[in-house]
Amino acid sequence: MAAEDFDVTIIGSGPGGGSLAWALSSQGVKVLVLEAGPAYDYTQDYHLEQDDWEKFSFPISGREHRSYVFAPMQPLEERWSNLLSWNRITGRTNPSDRRRGRAYSHVQGVGGTTLHYLGEAHRMHADSMRMQSDFGVAADWPFGYDELEPYYVAAERLIGAAGPPEQPGRWRSEPYPLPAHRLAYASQKVEAGCRELGLALSPNSLGILSEPYDERPPCNYCANCNRGCPRADKGSVDVTFIAKALETGNCTLKPESQVIRIDAGADDMVSGVVYADVGGATHRVSSHAVVVACGAVHTPRLLLSSAGRHAPDGLANESGQVGQNFMETSFWTSSALHPEPLGSHRGVPSDSICWDFNAPDAIPGVIGGCRFTSGAAQAGFTGPVSYAKRVAKGWGHEHRKQMRETFGHVVSVAAIGESLPNARSFIDLDPERKDANGVPLARIHSHLDEGEVRRIAFMAEKTREILQAAGAGELIEEYGTYDMFLSTHVFGTCRMGADPENTVVDATGRSHRWRNLYVADASVFPSSGGGEAPSLTIEALGIRTAEHLRKALKA
């Protein structure tokens with residue numbers, strides 16, 4: 001390592017680290033990317049071409065679930081019994097009387113969680129960036145939507161985003177690179193139901209190719225984005241930003257390299273990064289700047305565990321805010337049987353979206369918005385095994401009969417909502433448990449206050465109304481975050497802002513104290529947005545941070 005010379009070391013290769021790696025290396029900056037997980041080969045490592053494909057989820061490395069634990073969560077209340085997760089065959093998902101942690105659904109690997117995401121490519125609602133000024137909650141972003149818009153354009157061009165001409169709450173300076181995907185038949189039924197209720201369901205904006213683009217083929221509508229795309233039509237970071245960064249010759253990628261700590265120097269500069277390779281050997285690398293892009297759970301874990309003589313409370317934690325202001329995914333999904341054969345097991349999992357309640361003041365009596373999407377595939381009803389386990393009742397002849405009667409008939413409506421920070425939701429280090437390298441595990445503290453639960457209740461009520469208006473019959477399954485933590489989108493634990501007393505990084509992503517330390521992931525978000533998928537915003541922020549970092553390197 002000593003013989004190599006890097007300008008910037010990036011820790012993590014998801015949407016933040018990947019976009020930074022491309023934006024820097026394409027401008028001649030020499031970059032090292034350290035990724036804890038493996039480099040998956042999309043032509044070999046996924047299983048969708050096999051007869052038993054449905055037995056396999058995304059082939060995660062296993063480290064993901066050995067790197068965090070959950071703190072005890074709040075008791076469940078009888079008054080919210082209609083928000084308990086359930087399935088008509090297996091019963092309650094969480095049979096206990098307390099909310100419990102099910103999973104933080106992230107991926108360690110080159111491309112990060114975009115490897116198994118559903119491809120949604122959303123811009124933030126402009127009003128969601130002024131939550132403190134306009135609504136007295138969360139915090140304002142240190143810049144507005146106008147500042148971020150050109151970087152959204154750059155990210156959309158690179159991944160080949162497909163979308164409609166307009167979306168409410170987020171103006172555009174130019175069209176999406178590709179036209180929107182057409183709605184599947186099941187989504188057309190949901191659209192008709194929304195129309196009956198006076199709601200607008202329109203094509204979703206997706207980082208999934210609707211036409212050939214950049215030598216990648218269009219989507220074949222297999223509906224299994226979360227199992228890994230074997231065609232590269234989904235714009236995950238590995239086949240877009242990282243691939244293009246490597247093409248420049250200025251980017252060195254080291255998979256299966258688990259960062260153990262970042263060393264702090266005596267002059268308000270970080271001096272090096274220590275990591276363990278796949279064989280367990282440790283290495284130390286130095287560069288002019290270090291960027292942490294591990295996500296809103298593992299970024300604070302790394303910063304807090306990098307405490308030392310010059311940073312006794314954890315790196316970049318002079319304000320005491322590292323790990324605070326944690327915001328999770330607030331969601332609800334209802335699934336029902338439709339009398340018509342919809343073929344709902346195929347298509348883009350989230351091909352349509354309703355933004356009507358996305359603005360921060362759109363839900364009556366609740367601050368913070370939400371959005372609704374259609375898609376049985378999003379809920380996992382993509383093949384016969386899922387129907388056999390979750391839909392068809394009985395055994396033997398009766399089970400076979402129900403399979404014939406129900407397969408392709410499931411219709412689902414899902415909602416994702418705003419998450420507001422509260423003092424009881426945060427990330428810290430477990431005082432006892434450590435990983436194989438001796439790094440304390442991240443400990444997830446999650447609490448839902450009254451407003452959060454009321455927002456989930458609104459989402460549950462509205463999904464049921466939409467399904468009924470769409471002509472669906474019996475509900476067969478419902479699940480949400482009232483009784484369990486099951487998050488893919490997490491935010492806020494290294495909040496950015498102008499005041500060093502209550503934020504971690506400035507508007508460029510740079511630590512207020514450590515002049516060559518940056519954070520580039522959703523942990524910098526001051527607010528979560530009203531249900532928007534965050535990957536496109538992380539990528540836009542990464543490109544913007546890279547622009548400021550290049551200038552700092554030249555100074």
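The values are calculated or read from the model by the stated rules, or taken from the named source; none is laboratory data. Please read all numbers here as calculations on a predicted model, not as lab measurements. Quick reminder, even Gly has a Cβ in these numbers, built from the backbone with ideal geometry, and neighbours come from all protein chains shown.
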Practice problem: Scan segment 155-177 for residues that are surrounded by 19 or more Cβ atoms within 10 Å (Cβ to Cβ) and either within 17 Å of Ser210 (Cα to Cα) or in contact (Cβ under 8 Å) with a residue 60 or more places away in the chain (or both) and report the count. | Solution: 12
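Yes or no: Gly480 small (Gly, Ala, Ser), more than 29 Å from Ser319 (Cβ to Cβ) and surrounded by fewer than 18 Cβ atoms within 10 Å (Cβ to Cβ)?
no
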Practice problem: Just name the residue that is farthest from Phe241 (Cα to Cα) out of those in segment 1-44 that are among the acidic types (Asp, Glu) and at pLDDT 95 or above. | Solution: Asp7
Quiz item: What pairs come up if the first residue lies in segment 516-535 and is under 16 Å from His106 (Cα atoms) and touching a residue at least 40 places away in the same chain (Cβ under 8 Å), the second is of a type in the set (Phe, Trp, Tyr) and buried (at least 24 other Cβ atoms within 10 Å of the Cβ), and their beta carbons are under 8 Å apart, counting only those six or more places apart or on different chains?
Solution: Ala522/Phe491; Ser523/Phe491; Ala533/Tyr117; Pro534/Phe491; Pro534/Phe525; Ser535/Tyr117
Self-check item: Odd one out for Glu532 among (1) closer than 29 Å to Asn204 by Cα; (2) outside any loop (DSSP other than H, G, I, E, B)
Solution: (2)
Quiz prompt | Pairs, first surrounded by 13 or more Cβ atoms within 10 Å (Cβ to Cβ) and assigned to a loop (DSSP other than H, G, I, E, B) in segment 415-438, second of a type in the set (Lys, Arg) and modelled with pLDDT under 95, C-beta under 9 Å, six or more apart | solution = Asp435/Arg63; Asp435/Arg66
Quiz prompt | Check on Asp140, over 23 Å from the mean Cα position of the chain (by Cα), surrounded by fewer than 22 Cβ atoms within 10 Å (Cβ to Cβ) and either more than 21 Å from Ser352 (Cα to Cα) or modelled with pLDDT under 95 (or both) | solution = no
Quiz prompt | Extreme residue, farthest from the chain's Cα centre (by Cα), among residues of segment 4-27 that are buried (at least 24 other Cβ atoms within 10 Å of the Cβ) and polar (S, T, N, Q) | solution = Ser25
Quiz item: In this structure, does Ala121 turn out to be under 30 Å from Ile242 (Cα atoms), in contact with a strand residue (DSSP E or B) (Cβ under 6 Å, 6 or more places away or on another chain) and modelled with pLDDT under 95?
Solution: no
Exercise. Mind telling me which of the residues Pro95, Pro59 ends up being in contact (Cβ under 8 Å) with a residue 60 or more places away in the chain and outside any helix (DSSP H, G or I)?
Key: Pro59
Practice problem: Please enumerate the residues belonging to segment 358-377 that are buried (at least 24 other Cβ atoms within 10 Å of the Cβ) and of a type outside the set (Val, Ile, Thr). | Solution: Asn358, Pro360, Gly368, Gly369, Cys370, Arg371, Phe372, Ser374, Gly375, Ala376, Ala377
Quiz item: Do we find that Val524 is under 21 Å from Gly101 (Cα atoms) and buried (at least 24 other Cβ atoms within 10 Å of the Cβ) in this structure?
Solution: no
Quiz item: Which ones in segment 99-147 are farther than 30 Å from Val259 by Cβ, in contact with a helix residue (DSSP H, G or I) (Cβ under 7 Å, 6 or more places away or on another chain) and assigned to a loop (DSSP other than H, G, I, E, B)?
Solution: Arg123, Val137, Gly144
Quiz item: So how many residues does segment 480-511 have that are farther than 22 Å from His548 by Cα, under 22 Å from the mean Cα position of the chain (by Cα) and part of a loop (DSSP other than H, G, I, E, B)?
Solution: 6
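Out of the strands (runs of 3 or more DSSP E) lying entirely within segment 228-299, which hold 2 or more residues that are surrounded by 18 or more Cβ atoms within 10 Å (Cβ to Cβ)? Before the answer, list the steps.
Working: elements: 251-254, 258-264, 270-276, 282-285, 287-292.
Counting at least 2 such residues, we get 251-254, 258-264, 270-276, 287-292.
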Practice problem: State whether the residues of segment 338-350 include one that is farther than 30 Å from Ile89 by Cα and under 24 Å from the mean Cα position of the chain (by Cα). | Solution: no
